[in-house]
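Below you'll find the structure, written out as structure tokens, and then a few comments.
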Amino acid sequence: MNEDLEALYQDLILDHYKNPRCKGSIENASASVTVDNPICGDKITLSLAGDPTCINQIRFSGKGCAISQASASMMADACQGKSLSEVQSLVDTFVAFMHERAAPDELKAVSSDLVALEGVKKFTARIKCALLSWEALGRCLEQIKSAKN
Ligand code: ZN
């Protein structure tokens, strides 16, 4: 494995891939979204239970490459028990981080695990893999917001 690929598949990424956190589904979820990335064959269904004050439960299921599944696992882990606005801010920070618009330290302040995905930024085609579950999360947050109004 060359150095770049080693950086891409850090131990932490492989750990989340092999032992995903928050895997499963939620009965009577407040929001649920399925997204896919045909280029890589990744697919993720994300379910949330909660309201704007607190995301009580977050679960994902899916298949695909290590990057897409590990990113979903890290994301779900980082979101539990946070308020909707905190989760929204995490989404914004992570998307900015992947597009070189936020420094690793900004992301580290909210979730240290997620910084492990930094190596993915060098592989343009894989950024979509890392962001797939975040796209689902953004849409789930919209569903919860609109249900409240
Ligand atoms: Zn992928």
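The values are calculated or read from the model by the stated rules, or taken from the named source; none is laboratory data. The shown structure was predicted, so the numbers you read here are calculated from the model rather than taken from an experiment. Note that we place each Cβ from the backbone using ideal geometry, even for glycine, and neighbour counts take in every protein chain shown. Remember, those area values only see protein heavy atoms, side chains included, never the ligands or the DNA or RNA. Shrake-Rupley method; radii C 1.70, N 1.55, O 1.52, S 1.80 Å.
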Inset, instruction - Can you check what the Kirkwood hydrodynamic radius comes to for the chain, Cα pairs only, in Å to one decimal? - result: 15.2
Inset, instruction - Kindly provide the Kirkwood hydrodynamic radius of the range 1-87 in Å, to one decimal, from all pairs of distinct alpha carbon atoms. - result: 13.7
Legend entry - With at most 16 neighbouring Cβ atoms within 10 Å, loop GluC sites (Glu not before Pro) (DSSP) excluded, longest segment of the chain: 28-99
Legend entry - Carbon/sulfur fraction of accessible area - the range 57-149, other protein chains in place, 1.4 Å, %: 48
Inset, instruction - Anything over 18 Å Cα to Cα? Flag those among K23/K43; K18/K63; K43/K122, in the order listed. - result: K43/K122
Inset, instruction - Return the single residue from S32, S85, S68 with maximal mean-square fluctuation; model: Gaussian network over the chain, springs between Cα atoms under 10 Å. - result: S85
Legend entry - the chain - mean residue ellipticity at 222 nm from DSSP helices (-39,500 (n - 2.57) per run, n ≥ 4, rounded to 500): -15500 deg cm²/dmol
Legend entry - Axial C-alpha extent at least 30 Å, average Kyte-Doolittle at least -0.5 - helices from the chain (DSSP): 124-148
Inset, instruction - Could you provide, to the nearest whole Å², the per residue accessible area of the chain with probe 1.4 Å? - result: 48
Inset, instruction - State, as an integer percentage, the relative contact order of the chain based on alpha-carbon contacts under 8 Å between residues 6 or more apart. - result: 28
